[in-house]
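Report on one structure; see the data block that follows.
The values are calculated or read from the model by the stated rules, or taken from the named source; none is laboratory data. Since the model is a prediction, treat every value here as computed from it, not as a measurement. Cβ atoms come from the backbone with ideal geometry, glycine included; neighbour counts cover every protein chain shown. Side chains are part of the model used for accessible areas, which takes the heavy atoms of the whole protein and leaves out ligands, DNA and RNA. Shrake-Rupley method; radii C 1.70, N 1.55, O 1.52, S 1.80 Å.
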Amino acid sequence: MSESKVIDVSQLIDDQPIRAFHIKLVILVFLIMVFDGYDLQSMGFAAPGIVKLLHIDRSMLGPVFSASLVGMLFGAPFFGWAGDRFGRRPAILCGVGIFAVGSLLTAAAQNQPELLVLRFLTGVGLGAVPANCIALVSEYAPKRVRATMIVMAQIGLTFGSMLPAVASGVLEAAYGWRPLFIIGGVGPVVVGALVLAMLPESLKFLIVNKRPVHKIWRAARALDPSVPADSGSTLVVPGARISGAQRFHVKHLFADGLGRITPLIWLLYITFLSANYFIHGWMPILFRDDGLSITQTAVTAAMFDVGGILGALVASRLVDKFGVATVVVLYIVACPAFGLIGMITNSVYLLSAVIFVAGFCLVGITLSMNAVTGVIYPTEIRAKGVGWAYGLGRFASIMSPVIGGWLIAMHLPISQLFLVPVVPLIVGTVACYALMQLCVRRFNGISFNRNETPKTELPAAASTASDPA
């Protein structure tokens, strides 16, 4: 009888060259994130038309902006659990379906209560997508380019955030605000069909959760056709501690050396999401009120996402090399950039330049932190870890658009209004520096490519699967 051959799946993945498999995975997740970003930001650009057509006071739009964040508060942790329990792929499909339906129904809304309910529903679906997409890409990406692959896929979120500005500039004057949400519903249906046909399930998830052996080997050979599928081979995920079949408890996010890291991750998500939702929720309507035309507002706001794309591309490579230190620098630069936005609205060109820098930093922070979080948490709790961070971050940032509405009702000048997001960014700078220090110790250096010293506070669980044939 031949000796069983053990295949270390983590090593198998890390040793892979970049194949067509990886490119397909990144493209599919990119497309998913395009419409996640689109549906998240569409309300901000539809808001001026909604105010005019439905006769809603602009200060009352704060709860409508926050409704989707409340939905994400429930959607992110729940679908983080679902992704670790039932699979990344079905959780992503459910999320895409929910926010597609929510967006299509929003296009038919007639009053503020309907908008509140439908934006909440849309938010539930939007909350399902990022955590599971990050987990899926993390679990197929070689360690040397893991942050880069996560960020490249997540850049779809930034491209999607740009599209409402384009759609608003092209369609709103002639057709009103409703087509913005029709696009946000039809697009995800098309992408959902591609996901159903082509998106793979995580190989590590299949092994850790003891899924059918034929699915495990099919996923392994899709990744690497040279993987032997013989009876003497065993696929192993070293260090796996808890199976999705076991009951999850939030304490798992604080075990295995994560006791101080997890609270800092949560605080950081609160800071950059608060700044993000304020800027995207109120920037278009504040610029319009300050005298910019529809086209000027669309172009100027789009510069935020143009800067964000470049920031994400630069940050992705730097995070692979320098870890959390990259995010610290982005936080430091973001603080003055955001403070300047409301002070130079008299010059469209200078305003566009400052918004470009602000987008470079904030989008770079957002996507870099997604990559950092995806690397820090292990397979068994990865989607839950990212989902809880997103959920709690969005819960705390729910008040950001509402506070904006209160301050606008007080008739504060635009120069003071754009100082609001600077406050969480200053807090984030300090918290990110503390996280960097903890990660340097955890990963034995500033880079995530170094080996992590294993710690075993989580309950042990079987993490192998073999071909019974």
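Spin-label model, Asp290 to Lys321: label points 7 Å out along the Cα-to-beta-carbon direction sit 3.5 nm apart.
Each residue, Leu54 and Asn346, gets one label point 7 Å from its Cα in the Cβ direction; the gap between the two is 3.7 nm. Starting from the Cα gyration tensor of the chain, take the square roots of the eigenvalues, sort them a ≥ b ≥ c, and report rounded, prolate or oblate (rounded when a/c is under 1.5, otherwise prolate if a/b is larger than b/c, else oblate). It comes out prolate by the Cα gyration axes. Applying 1/(1 + (r/R0)^6) with r as the Cβ-Cβ distance of Arg19 and Ala353 and R0 = 51 angstrom yields a FRET efficiency of 0.80. Solvent-accessible surface of the chain, averaged per residue with a 1.4 angstrom probe and all protein chains in place: 37 square angstrom.
With an a/c value of 1.5 or above and a/b larger than b/c for the gyration tensor axes a ≥ b ≥ c computed over the alpha-carbon atoms, segment 168-207 is described as prolate.
Once both labels are positioned 7 Å from their Cα atoms along Cα-to-Cβ, the gap between Leu105 and Trp406 label points is 3.0 nm.
Taking the Cα centre of the chain as origin and assigning +1 to Lys and Arg Cβ atoms and -1 to Asp and Glu Cβ atoms, the resulting dipole is close to 720 debye. Assuming a ≥ b ≥ c are the square roots of the Cα gyration tensor eigenvalues, decide whether segment 324-454 counts as rounded (a/c under 1.5), prolate (otherwise, with a/b larger than b/c) or oblate. Because a/c hits 1.5 or more and a/b exceeds b/c, segment 324-454 counts as prolate. The listed peptides 13-20, 379-386, ordered by packing as a protection proxy, come out as 379-386, 13-20 (highest mean of other Cβ atoms within 10 Å first). By accessible area, using a 1.4 Å probe on protein heavy atoms only, the chain has 68% of its surface on carbon and sulfur. At full extension, Met399 and His249 could sit 51.3 nm farther apart than now, given 0.36 nm per residue minus the alpha carbon distance. Among the listed pairs Lys52/Lys384; Lys24/Lys143; Lys210/Lys321; Lys215/Lys321; Lys24/Lys251, those with a Cα-Cα distance over 29 Å are Lys52/Lys384; Lys210/Lys321; Lys215/Lys321; Lys24/Lys251. When both segment 382-435 and segment 108-169 are represented by their alpha-carbon centers, they are found 18 Å apart.
Close amide H contacts of Val6 (hydrogens built in the peptide plane, cut-off under 5 Å, sequence separation of 5 or more or a different chain): Thr234.
Using the rule -39500 (n - 2.57) for each DSSP H run of four or more residues, divided by the residues of the chain, the 222 nm mean residue ellipticity is -24000 deg cm²/dmol.
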